[in-house]
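Everything on this sheet refers to the single structure shown next.
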Amino acid sequence: MTKTLLLIDGNSLAFRAFYAMHNQLDRMISHNGLHTNALVAFNNFFDKIVDKLQPDYALVAWDAGKGISTFRGKIFSDYKGGRQTTPPELSEQFPYLRKMVDLHGIHSYELPSFEADDIIGTYAKKAEQAGLLTTIITGDRDLTQLVSDRVLVQVTKKGVTDLDAYTPDFLAKKWAGISPAQVIDMKALTGDSSDNYPGVTKVGEKTALRLLNKYGSLDGIYKNVDSMKASKLKENLVNDRDTAYRAQTLATIKCDAPVEIALEDLVVKPIDFQKLIEFYEELDFKVQLAKIHSMQKSGMIPENDEVDNDHKTNYFTELTAANLDHLTEIKDYLTVYFQTDSENYHQASILAFVIGNEQAGYFVSDDIQLLNSSVVRKLFTSSIPKYVFNAKELTVLLDHLGLKINNIQFDFLLVSYLLNTTDNDNKLSTLASRFKIYIESDDDVFGSKSKFKIPESEVLFKHLSQKASAISRLYAPSLRELKDNEQEDLYYKIELPLSDVLARMEINGIKLDQAELSDLGKEFDEKISDLEQRIYKEAGEKFNINSPKQLAELLFVKMQIPPIKRTKTGFSTAASVLEELADKYPFVALILQYRQFAKLNSTYVKGLLDVVDKNDSKIHTRYLQTLTQTGRLSSVDPNMQNIPDRDEEGKRIRKAFVPSHPGWQIFGSDYSQIELRVLAHVTDDDNLKKAFAEGEDIHAATARSIFGLDPSTKITFEQRRRAKAVNFGIVYGISDFGLAQRLGISRQEGKEIIETYFREFPKVRDWIDSIIALAHKQGFVETIAHRRRYLPEIHSKNFNLRSFAERTATNTPIQGSAADIIKIAMINMDKVLAEKNLKSKMLLQVHDELIFECPPEEISILESLVPKIMDSAVKLRVPLKVEAHHGDNWYDEK
DNA sequence: TGAATCACG
DNA sequence: ACGTACGTGATTCAA
């Protein structure tokens with residue numbers, strides 16, 4: 001086999017890597033404050049290349065210093081002049097880039113007064129003479145002058161991973177028949193703007209190619225220049241002769257630089273994984289660490305002695321009917337994990353399970369029947385603390401088997417969410433890596449979603465025992481951190497009990513009247529096809545009304561309607577735009593109607609009928625308890641938190657949500673203005689507190705304050721509307737522009753309104769200022785229940801990112817505290833329903849409201865009980881107000 | 001897979 | 001001077 005050499009232009013690649021991930025600059029900072037964007041991109045690319053080529057020899061060449069100190073700088077003092085200085089965020093990464101290369105067993109090399117190109121050229125020549133095959137990786141096309149049968153030059157196109165492979169043939173194809181040697185003369189004629197040296201005046205790529213094709217080389221051109229017929233070009237060639245030859249020298253890569261390392265010493269050394277792991281840990285390279293760990297586990301690379309010493313032999317036993325007794329040896333705590341075949345645990349199958357602990361070991365099986373044994377049932381219901389990952393999922397799965405589990409004390413999913421919501425993908429492998437515990441990812445074991453495959457049981461069981469062991473070992477360090485953050489109450493008193501409440505709400509589900517919904521769907525279908533016909537007729541052609549692109553083409557190109565707003569990709573056809581056009585172009589109103597019914601039909605009629613449980617005719621949503629950045633819940637499969645309510649047509653969907661027992665009622669209860677009450681509480685503003693204390697309509701009260709109206713004046717609709725927009729703006733992190741936009745007023749007017757607001761509610765401004773200052777200082781903000789949100793971008797130099805972080809710094813304590821409050825209310829509500837032996841069931845939570853189903857005789861009980869529980873969930877500096885309604889279905893509950 | 005749109009608080 | 005209000009999920013189209 002011919003030996004191979006890999007040569008990499010380090011500087012060029014580092015720049016590419018840096019700018020390829022420039023948008024991530026402020027997010028990718030290690031715990032030491034080092035930017036890591038270029039390091040990550042470089043490292044991934046580097047791994048990929050080395051992995052693919054498996055070179056025998058390799059070298060990464062770096063530029064020694066500034067242009068002036070190289071021999072090219074001596075020839076032309078302005079060489080590389082006018083270049084932007086390297087951003088400090090990249091400079092600081094260079095020493096680490098070199099270390100990274102070094103730890104990969106590959107030489108880094110630089111030579112005073114020479115550039116990386118020259119080092120590469122020199123070694124490429126040496127390798128060619130020695131009969132090696134060389135691959136050069138660079139972002140600089142100059143290096144294509146080195147291309148030959150034995151030297152391949154790969155030039156990055158976009159970013160770092162997309163490469164053009166230059167062979168002599170490819171070069172000729174790319175540049176109209178040019179040869180590698182002619183690349184230099186091209187540069188001589190055209191100059192190089194990025195290196196800041198000129199060629200011949202007015203000669204660009206096209207002219208240069210033509211000249212070279214005719215005369216072969218720069219020398220050839222000048223040999224024949226006298227016989228050319230008189231032209232501006234000839235004049236320029238003659239005048240710029242010296243410049244051209246100087247450019248030729250500058251463009252020529254030195255192939256005889258005095259390099260000191262012998263070719264054979266560039267041999268690639270084996271990677272020292274111990275050191276590489278330490279390096280990655282220093283840089284917080286979670287993904288790379290996980291990769292190394294999984295390679296070690298699968299035996300692809302040697303296992304590391306010093307890391308994870310205790311758990312190298314992650315043993316497990318297959319649980320059978322014969323060895324069930326072994327389970328009685330489990331003391332202290334019990335880790336439980338169920339592996340399903342899909343995300344939606346309401347309909348998933350259990351593939352296998354694992355139970356055990358670090359002392360007694362782990363027992364794994366795919367025989368689900370074993371769970372029904374008295375040994376297991378006893379263990380699950382015993383008072384032994386249980387450690388799990390996703391208590392809610394486990395509770396639902398067990399419920400399907402008719403089983404229960406008691407005393408879940410540790411849910412690592414919940415704990416990691418409380419510790420840090422950012423970059424939480426809800427996966428055990430990633431969350432564990434934050435604590436330097438590395439296990440294989442589900443994607444690695446089962447394949448990604450579309451290609452889900454169950455591995456052989458040995459592999460599956462081993463994976464499960466790894467997961468269980470990780471959960472056990474995560475208990476101490478993660479709870480330690482919870483305590484340091486003063487988040488124990490948030491965990492033990494709110495999130496953990498809530499997960500059980502949510503599990504039972506999901507299991508109970510809400511009944512869907514499928515016939516009612518189908519009938520509504522038929523009605524919508526007719527409206528849609530009618531509108532469709534009328535739209536085609538008016539448009540004079542058929543087109544896909546659902547395609548914003550085709551619609552924009554029709555409206556703004558064919559019909560020549562002046563566009564109002566742009567999107568990234570073209571003209572916007574959003575409802576706000578169409579509404580503005582509808583008066584002048586009645587046809588546009590048809591499109592708005594079409595959109596409305598199409599949305600209702602696809603998302604709410606078809607969508608809901610698709611996911612209804614055919615066995616009990618119920619909708620079992622899943623609440624995601626560990627997803628939002630603020631502490632709210634979210635709801636999926638289906639989303640029960642965005643069922644239409646604002647327009648009459650959409651609202652009718654709610655008629656299909658009915659009680660699950662005949663004669664029962666749907667009962668709903670919602671907080672009134674909870675976020676503004678939280679605002680009054682956290683700011684302690686007297687004016688705001690007074691308005692709530694006196695039970696005023698808060699938007700009207702705000703209108704009085706900001707428009708200077710005395711208490712006897714009647715507030716107009718418009719005044720109240722504006723005040724309402726201001727109140728929303730305050731909660732969201734207001735800007736004069738944003739307010740002006742929304743109210744259709746000038747920016748100046750917007751600004752004045754905001755200033756008046758802050759004069760009237762001075763402590764609101766004080767609080768906003770102080771919470772932003774606090775966020776800058778500590779890097780996170782908190783809710784009343786000590787829920788945290790980290791805001792790394794608050795330190796960004798990018799105005800947009802920083803401003804966004806500042807707005808979230810004000811919004812999150814408000815939205816998040818409101819979420820805390822309703823969560824507490826839900827736990828209390830659940831408890832009191834049980835204590836009073838009521839049949840009523842809590843079904844849904846929609847951020848500030850709770851929906852129940854109840855027998856008629858409990859209506860009056862709920863009417864006093866639910867508002868009482870909700871408004872007493874926490875004690876704020878203002879009262880909480882709750883309103884309650886009931887009806888035969890969710891539509892009539894209002 | 002991302003963008004656009006629109007449903008909710 | 002910067003761009004321009006917070007938090008979500010589902011569907012559809014078009015690469």
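The values are calculated or read from the model by the stated rules, or taken from the named source; none is laboratory data. Predicted, not measured: the structure shown is a model, and the values here were computed from it. Using ideal geometry, Cβ is built from the backbone for each residue, glycine included, and neighbour counts are taken over all protein chains shown.
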**Message:** Would you confirm, using the coordinates I've provided, whether residue A:516 is touching a helix residue (DSSP H, G or I) at 6+ places or on another chain (Cβ under 7 Å) and either assigned to a strand (DSSP E or B) or farther than 30 Å from residue A:888 by Cα (or both)?
**Reply:** no
**Prompt:** Which is within 21 Å of the chain's Cα centre (by Cα) and of a type in the set (Phe, Trp, Tyr), of A:475, A:417, A:491?
**Reply:** A:417
**Search result, residues across region A:795-823 that are more than 10 Å from DNA strand C (Cβ to nearest atom), out of contact with any Asp or Glu (no Cβ under 6 Å at 6 or more places or on another chain) and modelled with pLDDT under 95** = A:795
**Request:** Could you name every one of the helices (runs of 4 or more DSSP H) located completely within region A:684-756 that has at least 2 residues being modelled with pLDDT of 95 or more?
**Result:** A:686-693, A:698-707, A:717-732
**Item:** Some residue of region A:636-649 being crowded, with 17+ Cβ neighbours inside 10 Å and either assigned to a helix (DSSP H, G or I) or in contact with a Phe, Trp or Tyr (Cβ under 6 Å, 6 or more places away or on another chain) (or both)
**Value:** no
**Among residues of region A:733-766, those that are more than 14 Å from DNA strand C (Cβ to nearest atom), free of Cβ contacts under 8 Å to residues at least 60 places away in the same chain and closer than 18 Å to residue A:809 by Cα, counted** = 1
**Prompt:** Among all residue pairs at least 6 apart or on different chains, which show Cβ distances below 6 Å where the first residue, located in region A:1-29, is closer than 26 Å to residue A:423 by Cβ and assigned to a loop (DSSP other than H, G, I, E, B) and the second is hydroxyl-bearing (Ser, Thr, Tyr) and at pLDDT 85 or above?
**Reply:** A:26/A:796; A:28/A:36
**Request:** Answer yes or no: is there a residue in region A:38-50 that is outside any helix (DSSP H, G or I) and at pLDDT below 85.
**Result:** no
**Message:** Every residue in region A:523-569 that is farther than 18 Å from residue A:601 by Cα, within 16 Å of DNA strand B (Cβ to nearest atom) and among the polar types (S, T, N, Q), please.
**Reply:** A:550, A:567, A:569
**Prompt:** How many residues does region A:587-620 contain that are within 12 Å of DNA strand C (Cβ to nearest atom), closer than 26 Å to residue A:532 by Cβ, crowded, with 19+ Cβ neighbours inside 10 Å and of a type in the set (A, V, I, L, M)?
**Reply:** 3
**Prompt:** In the set A:839, A:868, A:875, which member is basic (Lys, Arg), in a helix (DSSP H, G or I) and more than 16 Å from DNA strand B (Cβ to nearest atom)?
**Reply:** A:868
**helices (runs of 4 or more DSSP H) contained entirely in region A:204-256, each with at least 3 residues that are touching a residue at least 12 places away in the same chain (Cβ under 8 Å) and surrounded by 19 or more Cβ atoms within 10 Å (Cβ to Cβ)** = A:205-215, A:241-251
**Request:** Looking only at region A:740-757, count how many residues are closer than 24 Å to residue A:674 by Cβ and within 16 Å of DNA strand B (Cβ to nearest atom).
**Result:** 1
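Condition check ((1) over 31 Å from the mean Cα position of the chain (by Cα); (2) within 16 Å of DNA strand B (Cβ to nearest atom)) across all residues:
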{"site": "A:616", "(1), (2)": "yes, no"}
{"site": "A:625", "(1), (2)": "no, no"}
{"site": "A:628", "(1), (2)": "no, yes"}
{"site": "A:633", "(1), (2)": "no, yes"}
{"site": "A:640", "(1), (2)": "no, yes"}
{"site": "A:662", "(1), (2)": "yes, no"}
{"site": "A:670", "(1), (2)": "yes, yes"}
**Prompt:** If the Cβ limit is 8 Å and pairs must be 6+ apart or interchain, which residue in region A:583-603 that is modelled with pLDDT under 95 pairs with which residue that is more than 13 Å from DNA strand B (Cβ to nearest atom) and small (Gly, Ala, Ser)?
**Reply:** A:587/A:539
**Prompt:** When residues of region A:767-792 are filtered for being buried (at least 18 other Cβ atoms within 10 Å of the Cβ), touching a residue at least 24 places away in the same chain (Cβ under 8 Å) and not in a loop (DSSP other than H, G, I, E, B), how many remain?
**Reply:** 10
**Request:** Provide a single number: the residues in region A:601-631 that are farther than 25 Å from residue A:507 by Cβ and in contact with a Phe, Trp or Tyr (Cβ under 6 Å, 6 or more places away or on another chain).
**Result:** 1
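With A:113, A:108 as the choices, which residue is closer than 29 Å to residue A:246 by Cβ and surrounded by fewer than 22 Cβ atoms within 10 Å (Cβ to Cβ)? Don't jump to the end; show me each part of the working.
Working: A:108 fails: closer than 29 Å to residue A:246 by Cβ.
Result: A:113 is the single residue among A:113, A:108 that is closer than 29 Å to residue A:246 by Cβ and surrounded by fewer than 22 Cβ atoms within 10 Å (Cβ to Cβ).
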**Condition broken by residue A:605, with the remaining ones in (1) near DNA strand B (Cβ under 10 Å from one of its atoms); (2) in contact with a Gly (Cβ under 7 Å, 6 or more places away or on another chain); (3) farther than 30 Å from residue A:413 by Cα satisfied** = (1)
